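As structure tokens, the structure follows; a few thoughts come after it.
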Amino acid sequence: MNENIKKILNKKNKSKLVCLTAYSKNIASILDKHCDVVLVGDSLGSVLYNYKSTKEVSLNTMISHSRSVRLGVKKSLMVVDMPFNTYRNPKEALKNAKLVMKKTKCDAVKLEGGKKILSIVKKLVKNKIPVMGHLGILPQTDKKFTFKGKKSFERNRILKEAQLLESAGIFSIVLECIEIQLSKVITKKLSIPTIGIGSSANCDGQVLVIDDLIGLSENKFKFVKRYINIIKVINEAVKKYRSEVLKKKFPKSKHSFKN
Ligand code: KIV
């Protein structure tokens, strides 16, 4: 088993897992110092390309961004989202997941869904492709993005699906916007780590979209905490640069070449 996956599994009930998304090298290399998992999420569709849904993200786009992220990730576990319509059956999933693993040299792929993807997960795991699961809000297929676990039938279904996915061989699971008590039960019942986004501190770890955390995106989701207003910092730097260019204070001779 991949050493990084072993490390992730060993942290269950011992230490929280820190996970963030990255879409390119420079950010990835910063996150790599602080994270257990760096995820190339298909959220890049809305964050970078203004797509209305992650359905529009292609396999090639995921591969290009992941190749860039790979250059920055040296120690963390690197996971890549399989985009919509690239894992509709076990054969298609295996072909595309193999391509992602080969082209990006990532450690694992992430797939959204429960019961419907069990045979797909089994196929990938059998072929030594580590899989991270994803339950709760499923951005690739859900119509409504409201939190999950309000009704008891839904709670039972999500718990059951998490257990089935674990039996199918996933090594970890993202729980997106799942009600607090349900995340607690799932986290307790599974022996693999749960990684929450909007699913409370009951999960074994947390993930956020980096652009939301640093204030680079406009998103104001309830579950996001903005740790810095990076737009303000960039604005100040660019304003200063503009002013110095206009006043001929930049570049100075030390920034220029002389024979
Ligand atoms: O696409 C993504 O960034 C994700 C995380 C939000 C978990 O799936």
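The values are calculated or read from the model by the stated rules, or taken from the named source; none is laboratory data. Predicted model only: the values in this text are computed from it and were never measured. All Cβ positions, even for glycine, are placed from backbone atoms using ideal geometry, and neighbour counts span all protein chains on display.
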* Asked: Among the residues of the stretch 143-160, is any more than 16 Å from the ligand (Cβ to nearest atom), modelled with pLDDT of 95 or more, in contact with a Leu (Cβ under 6 Å, 6 or more places away or on another chain) and charged (D, E, K, R)?
  -> yes
* To do: Restrict the check to the stretch 130-144 and report whether at least one residue is farther than 29 Å from K105 by Cβ and among the polar types (S, T, N, Q).
  => no
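If we scan the stretch 132-139, do we find a residue that is touching a Pro at 6+ places or on another chain (Cβ under 8 Å), without any contact (Cβ under 8 Å) to a residue 60 or more places away in the chain and surrounded by 15 or more Cβ atoms within 10 Å (Cβ to Cβ)? Step through it out loud before you land on a result.
Residues of the stretch 132-139 that are touching a Pro at 6+ places or on another chain (Cβ under 8 Å), as a first pass: none.
Scanning the stretch 132-139 turns up no residue that is touching a Pro at 6+ places or on another chain (Cβ under 8 Å), without any contact (Cβ under 8 Å) to a residue 60 or more places away in the chain and surrounded by 15 or more Cβ atoms within 10 Å (Cβ to Cβ).
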* **Members of the stretch 119-140 found to be more than 15 Å from the ligand (Cβ to nearest atom) and of a type outside the set (A, V, I, L, M), listed by number** => S119, K122, K123, K126, N127, K128, P130
* Would you please name the residue that is nearest to Y227 (Cα to Cα), looking only at residues in the stretch 193-211 that are part of a loop (DSSP other than H, G, I, E, B) and not polar (S, T, N, Q)? => V209
* Asked: Would you call S183 away from the ligand (no atom under 11 Å from the Cβ) and either at pLDDT below 95 or under 13 Å from the mean Cα position of the chain (by Cα) (or both)?
  -> no
* Asked: Residues in the stretch 12-27 that are surrounded by fewer than 16 Cβ atoms within 10 Å (Cβ to Cβ) and part of a loop (DSSP other than H, G, I, E, B): how many?
  -> 4
* Report, ordered by the first and then the second residue, all pairs with beta carbons closer than 8 Å, sequence separation of six or more or different chains, a first member in the stretch 28-47 that is assigned to a helix (DSSP H, G or I), and a second member that is within 8 Å of the ligand (Cβ to nearest atom) and among the hydrophobic types (A, V, I, L, M, F, W, C). => V47/V209
* **Candidates E218, E166, E244, E161 - the one that is without any contact (Cβ under 8 Å) to a residue 12 or more places away in the chain and in a helix (DSSP H, G or I)** => E244
* Asked: Mind checking which residues of the stretch 36-94 are basic (K, R) and either within 11 Å of the ligand (Cβ to nearest atom) or crowded, with 19+ Cβ neighbours inside 10 Å (or both)?
  -> R70
* Looking at L175, L182, L135, which one is assigned to a helix (DSSP H, G or I) and of a type outside the set (G, A, S)? -> L182
* Asked: Got a sec? Which of S217, S172 is in contact with a helix residue (DSSP H, G or I) (Cβ under 9 Å, 6 or more places away or on another chain), over 30 Å from I120 (Cα atoms) and surrounded by 12 or more Cβ atoms within 10 Å (Cβ to Cβ)?
  -> S217
* To do: Just need a number here: residues in the stretch 98-118 that are within 16 Å of the ligand (Cβ to nearest atom) and among the hydrophobic types (A, V, I, L, M, F, W, C).
  => 6
* To do: Taking the options S200, S167, name whichever one is within 16 Å of the ligand (Cβ to nearest atom) and modelled with pLDDT of 95 or more.
  => S200
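Restricting attention to the stretch 142-158, and to residues there that are in a helix (DSSP H, G or I) and not β-branched (V, I, T), which single residue is surrounded by the most Cβ atoms within 10 Å (Cβ to Cβ)? Explain how you work it out, then say what you get.
From the stretch 142-158, those in a helix (DSSP H, G or I) are 152-158; that's our starting set.
Add one more test, that the residue is not β-branched (V, I, T), and what stays is 152-157.
Values: S152: 8, F153: 8, E154: 14, R155: 18, N156: 12, R157: 16.
The extreme case among them is R155.
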* Assuming V209 fulfils every condition listed in (1) within 27 Å of N26 (Cα to Cα); (2) β-branched (V, I, T); (3) out of contact with any helix residue (DSSP H, G or I) (no Cβ under 9 Å at 6 or more places or on another chain) apart from one, which condition is it? -> (3)
